[in-house]
Amino acid sequence: MLTHPSATLDSLLHEIRSCAHCTDLPLGPRPVVRASATARVLIIGQAPGTRVHETGIPWNDRSGDRLRNWLDVDRDTFYDEDRIAIVPMGFCYPGVDKNGGDNPPRRACAPLWHPALMTAMPKLRLTLLVGMYAQNRYLAEVRRKTVTETVANYAEYGPRYFPLPHPSWRTTGWQKRNPWFEADVLPNLRAAFHQALAT
């Protein structure tokens, strides 16, 4: 067994990126993940969309632009793999549902790969749980009934976790209905995020 953390993680990432566990994916398997043994912040989202699938770059779309705005961070810092890991709940594009939205992340991904990835990143100081699926797994019974309630009570889950809504286009209306998110959550999110990077 490899004992050097970076060597172990490199081997694990190679295995993940070669994964073909799900043979029925509409665009085929293309796992998208970024991780480093030196990462201080982990972002756990849902699953790649079509643009991310095409480019192989996570959060490389408008939802990523919105997330970077929430964090008050530029693209270069956001994609600095030595400092920020990006591990979705499902690594591959899951296709669309009957209403035209994206399917949920494949359930097999997180149990298959997340435990080993977390072990291989010992320097993590903050994990952003973006959306319902990440919150369901990592907050489990301590999460609130809805994402809105969980995000509103973000302070209960710190300093390790920080729950967020998914930054899709639908969030624009949600933010207008919930002005406390911009007034209270975002300043504290930015402070926690930049402090974790500077640690």
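The values are calculated or read from the model by the stated rules, or taken from the named source; none is laboratory data. Computed from a predicted structure; not experimentally measured. Cβ: placed from backbone, ideal geometry, glycine included. Neighbour counts: every protein chain shown.
Points to keep in mind about this one:
- E81 meets the stated requirement of being of a type in the set (D, E, K, R), assigned to a loop (DSSP other than H, G, I, E, B) and farther than 20 Å from R137 by Cβ.
- Failed criterion for L9 (all others in (1) surrounded by fewer than 19 Cβ atoms within 10 Å (Cβ to Cβ); (2) under 26 Å from T119 (Cα atoms) hold): (1)
- Conditions (1) in contact (Cβ under 8 Å) with a residue 60 or more places away in the chain; (2) not in a loop (DSSP other than H, G, I, E, B): number failed by L13: (1)
- Those residues of segment 163-183 which are of a type in the set (D, E, K, R) and over 18 Å from V73 (Cα atoms), in sequence order: R170, K176, R177
- For N69, the conditions (1) under 23 Å from R160 (Cα atoms); (2) touching a Cys at 6+ places or on another chain (Cβ under 8 Å); (3) outside any loop (DSSP other than H, G, I, E, B); (4) not basic (K, R) all hold with the exception of (2).
- If you go through segment 75-104 and pick out every residue that is under 12 Å from the mean Cα position of the chain (by Cα) and either among the charged types (D, E, K, R) or within 18 Å of M132 (Cα to Cα) (or both), you end up with 6.
- Among residues of segment 29-56, those that are in contact (Cβ under 8 Å) with a residue 24 or more places away in the chain, over 26 Å from T199 (Cβ atoms) and out of contact with any Lys or Arg (no Cβ under 8 Å at 6 or more places or on another chain), counted: 7
- If only residues of segment 90-111 that are of a type in the set (D, E, K, R) and out of contact with any Gly (no Cβ under 7 Å at 6 or more places or on another chain) are counted, the one that is surrounded by the fewest Cβ atoms within 10 Å (Cβ to Cβ) is K98.
- The lone exception for T172 - which of (1) surrounded by 14 or more Cβ atoms within 10 Å (Cβ to Cβ); (2) over 28 Å from D24 (Cα atoms); (3) modelled with pLDDT under 95 it fails: (1)
- Hey, A116 surrounded by fewer than 21 Cβ atoms within 10 Å (Cβ to Cβ), under 25 Å from L197 (Cα atoms), touching a residue at least 60 places away in the same chain (Cβ under 8 Å) and hydrophobic (A, V, I, L, M, F, W, C) or not: yes
- Here V87 does not fit the description of being closer than 28 Å to S36 by Cα and either touching a Gly at 6+ places or on another chain (Cβ under 6 Å) or free of Cβ contacts under 8 Å to residues at least 24 places away in the same chain (or both).
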